């Protein structure tokens, strides 16, 4: 279900950890998707901030599949949906 949801919101996505963190600081994110196979040190920051800000955080199994759902040719460790 999560990949389909990402595909549905393709025009309202923020792709990548840095951009996701910046958007979360601006309170511009409604939910976050994190790939399980991404570097845990990187994703912990996003997961922690999502928890602090009460932003729903969903886990998916593959960076490659998450990137494909976003319409990009590379993997994505984190993706956020804009509010």
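FYI, it's all coordinate maths here, none of it is from the lab. Source: prediction; values computed, not measured. Backbone-built Cβ (ideal geometry, glycine too); neighbour counts: all protein chains shown.
Of all residue pairs spaced 6 or more apart or on separate chains, those with beta-carbon atoms under 6 Å, a first member in the stretch 63-80 that is on the phi > 0 side of the Ramachandran plot and touching a residue at least 60 places away in the same chain (Cβ under 8 Å) and a second member that is in a helix (DSSP H, G or I) and surrounded by fewer than 21 Cβ atoms within 10 Å (Cβ to Cβ) are 71/10.
Taken over the stretch 64-79, the residue count meeting the criterion of being part of a loop (DSSP other than H, G, I, E, B) and out of contact with any helix residue (DSSP H, G or I) (no Cβ under 8 Å at 6 or more places or on another chain) is 1. Taken together, 27, 36 contain a single residue that is surrounded by fewer than 17 Cβ atoms within 10 Å (Cβ to Cβ) and under 12 Å from the mean Cα position of the chain (by Cα), which is 36. Scan the stretch 48-63 for residues that are outside any loop (DSSP other than H, G, I, E, B) and over 13 Å from residue 79 (Cβ atoms) and the total you get is 4.
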